[in-house]
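The values are calculated or read from the model by the stated rules, or taken from the named source; none is laboratory data. Since the structure is predicted, the reported quantities are computational estimates derived from the model, not experimental observations. Don't worry about glycine lacking a Cβ; one is built from the backbone with ideal geometry, like all the others, and counts go over all protein chains shown. Accessible surface areas use protein heavy atoms only, side chains included; no ligands, DNA or RNA. Shrake-Rupley method; radii C 1.70, N 1.55, O 1.52, S 1.80 Å.
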Amino acid sequence: MTCAILVAAVVSWSQSEFDLEPPQVTVTVTEHPTTAEMVEVTVLHPDYPAELLKQQAEAIGRNAGSDSRGIAVFKAGSNERIRFLKARFATDNLIDRKSSTLWLDPIVKAFLGAPDPFTVTSLLVIFDGEKPVSGKTLQDFASKGVELTAKSHESPRAVEYRIVVKSQDPRLVSIPKEHVAKVRPESSGKVSPGPQPTVVALLALAGLAGVALVYFLVSSRQGTKRSGGA
């Protein structure tokens, strides 16, 4: 995909994607043939501490009842001026295909409580290669501490969640494993179609200065917003 197409996609996403603030953290979870999950985390803050991201990677596994194995924290990007901090590791229990559950709670809770200016209030979590099961896989959910909405894709196959963290108190952030009745706060707006695959994930992988410039220029004009829909 060329830089021009990515720039257009970023602008389109910022105008039409969920009525939420742009994600500060992108997490991609892929089930390995051994049934372990391979996790890649990308943070967009240019000065995000590597040690903090390592601790959060460890917390994801711990919260899921499994060690985070082989953690690697590194900078990635094709342009030296635009490089993203990433973490890669393996863990378990985030995907259960038998019960059609995609477990977000261990991931979101791992990022709670980070100090300013690294406090995380918006995440994008992508379960690569997964397909939702109607009535079983978690869709929309909202509570005092968190709000999320799901979107599924066929090509490439994936289920993605846009998540807004409304409280850094872990006692208020509890995300169910399975589908619950759709909850829409009164302030929620109508969902517009989003990009496929997610532009932020492409942006983080591409590391293109022009795309990143447009992303940050656009996101700097976005206020804190709310929406939902799958």
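Some values worked out for this structure:
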item: Count of segment 90-101 residues which are open to solvent by less than 40 Å² (accessible area, probe 1.4 Å) and at positive phi; result: 1
item: Residues that are outside any strand (DSSP E or B) and surrounded by fewer than 18 Cβ atoms within 10 Å (Cβ to Cβ), drawn from segment 61-70; result: R62, G65, S66, D67
item: Condition broken by Q168, with the remaining ones in (1) open to solvent by less than 70 Å² (accessible area, probe 1.4 Å); (2) within 20 Å of V39 (Cα to Cα) satisfied; result: (2)
item: Candidate set: segment 77-93, residues that are more than 26 Å from A64 (Cα to Cα) and among the charged types (D, E, K, R); chosen: the one modelled with the highest pLDDT; result: R83
item: Residues being at pLDDT below 95 and among the acidic types (D, E) - total across segment 117-168; result: 2
item: Residues satisfying the stated conditions in segment 121-161, i.e. farther than 23 Å from S66 by Cα and among the hydrophobic types (A, V, I, L, M, F, W, C); result: V133, F141, A142, V146, L148, A150, A158
item: Candidate set from segment 28-41 (those that are open to solvent by less than 10 Å² (accessible area, probe 1.4 Å) and β-branched (V, I, T)); member that is nearest to A114 (Cα to Cα); result: V41
